[in-house]
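K.L.:
To start, I am sharing the structure in question, which I have written as structure tokens.
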Amino acid sequence: MAMNETHADVDIFSFANQIASELGGPVTIEDPSWKVLAYSTIHDRIDSARRKTILGHAVPSDYFNLLEQNKVIERFKAGDDILEIPEKPSIKFSRRLAAPIRLNNEVVGSIWLAESSGKLNCESENLLKRAAGVASTYFAVRAKESSPESELFLFQLLHGEGDMAFLARYFHLSPKSSQLVVTVDLNSISHSSKSLINSKFGKNLTEAGIDYRVLEQSDITHYICASSDNNDLLLLPRVEKSVQKTISNEISHFKIAIGCVKKGVAEIHESRSEADRVLNYMKTNLIYGFAEFNATRTQVVLSELILGMSENHETLIGPLQRLDDQPATDRDEALSTLKAHYDSFGNSSEAARVLGIHPNTFRYRLKRTIDLLGLNLSDPESRLMLELQLHHELSVRPLQKS
């Protein structure tokens, strides 16, 4: 067996066909996250698992239980050279042999051989081991040469640059398929932890039936996500579930922003822009965990509006700057009074209940604050401006806890 030392797709597919021909069964070559890199095309009879894997460009989520039951990942890492997965007629899964592809003692992929029209070649195990060794050359070239090219094209895709038709073909994306972008900020954790989290998130996406591409830039990682079964309605819920599964109990270490689902490759950059806007909002307001653009649209736009106003300090602070000369307790009382007034839509009884004081006491405090600051709450535009100023003041200098 031999394979030309190049990363062109035609070479790896030809190699898959060569293995299939010599071993007597259909072949798939997959990366560590179970995404399909190549598959043979010379055997007509294939089972349900193979059909779904090829169509979705990755192992379907409903077959991951089988991989876990057979401890495939653990056995690969432990050093096993050949694994046998028994036939499972109940889920239309034929017997398979799998060989890990190793590069510098690290598992970088795997070759899968299935029984289709009959028993495999009696030398299948030895031949498959040899094929895995030859395939490591492809992965070495792929790691060395294709990464910069792929990163450049992903950058163009995320920023709406370049030839979209070409980029869609390069990444095997349908020009009209739906995608969304997830932006992950891991600035607060170590480099080794970042790699672990990105690997864990990728695994969870694959298990959820999400096909994805990744671009890592310093502390920010962008994921372009699409449903492997083209179910656009389930794309966002599946991604959110994968995020929740990834961050689990470590929510205080992450900021993960999700853009809207977009139809068509040419609109991927819009989802990336939305995710970046959500991330900026989270950073400004010290929010950890994850947030999605549609769910936080109002907060994001409000934060951007206030940030834009901050270029003019007098416009942003307005009459609230008069509180700078007041004792801290008086400042906090005035701001909490105004906040309660806005939060209760002007209902004094509700505002008093929130503050735990008598309604008459609240009315007295509100009048005193209005007089001190020279406010005109009867004017709609003045009320709007004051509320924006109040939002900014409380975000910069929060109320002291009593």
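K.L.:
Beyond 30 Å between alpha-carbons counts as too far, so tell me which of Lys71/Lys241; Lys88/Lys176; Lys88/Lys129; Lys71/Lys263; Lys71/Lys245; Lys52/Lys263 fall in that bin.
P.N.:
Too far apart for the 30 Å limit: Lys88/Lys176; Lys71/Lys263.
K.L.:
May I ask for the distance between the Cα centers of the range 224-275 and the range 50-93, given as a whole number of Å?
P.N.:
Result: 26 Å between the Cα centres.
K.L.:
Pairwise over distinct Cα atoms, reciprocal of the mean inverse distance: report the Kirkwood radius of the range 255-354 in Å, one decimal place.
P.N.:
For the range 255-354, inverting the mean 1/r across all distinct Cα pairs yields 16.3 Å.
K.L.:
Quick one: if the Förster radius is 51 Å, what FRET efficiency do Ser48 and Val301 give, using the C-beta to C-beta distance and rounding to 0.05?
P.N.:
With R0 = 51 Å, the Cβ-Cβ based efficiency is 0.65.
K.L.:
OK, next. For labels at Thr41 and Glu270 in the simple 7 Å Cα→Cβ model, what's the distance in nm?
P.N.:
Each label point is offset 7 Å from its Cα along the Cβ direction, giving 3.4 nm.
K.L.:
Quickly work out the Asn360-to-Glu381 label distance, labels modelled 7 Å from Cα along the C-beta direction, and quote it in nm with one decimal.
P.N.:
3.9 nm
K.L.:
Among Asn294, Asn198, Asn105, which one shows the highest mean-square fluctuation when the chain is modelled as a Gaussian network with alpha-carbon springs under 10 Å?
P.N.:
Looking only at Asn294, Asn198, Asn105, the largest GNM fluctuation is found for Asn105.
K.L.:
If you don't mind, another one. So who's got an amide H within less than 5 Å of the one on Gly160, skipping anything under 5 residues away but keeping other chains? H placed 1.01 Å off N, in plane.
P.N.:
Hits under the 5 Å cutoff: His269.
K.L.:
Relative to the present Cα-Cα distance, how much length would full extension add between Phe155 and Lys283 at 0.36 nm per residue of separation?
P.N.:
Extra length from Phe155 to Lys283 when fully extended: 43.8 nm.
K.L.:
On to the next question. Under the rule of at least 5 residues apart or a separate chain, name every residue whose amide H is placed under 5 Å from the amide H of Gly289.
P.N.:
For Gly289, the qualifying residues are Phe254, Lys255, Ile256.
K.L.:
Further, regarding this structure: In whole Å, what are the Cα extents of the chain along the three principal axes, biggest one first?
P.N.:
Its Cα atoms span 93, 42, 35 Å along the three principal axes.
K.L.:
Let me ask something else. Karplus couplings for the range 76-86 from phi (6.51 cos²θ - 1.76 cosθ + 1.60, θ = phi - 60°), rounded to Hz, Gly and Pro as x?
P.N.:
4, 5, 6, x, 4, 8, 9, 10, 10, 10, x
K.L.:
Could you line up Glu393, Glu106, Glu216 from fewest to most neighbouring Cβ atoms inside 10 Å?
P.N.:
So the residues, fewest neighbours to most, are Glu106, Glu216, Glu393.
FYI, it's all coordinate maths here, none of it is from the lab. Predicted model only: the values in this text are computed from it and were never measured. Heads up, the Cβs are rebuilt from the backbone with ideal geometry, glycines too, and the neighbour counts pull from every protein chain shown.
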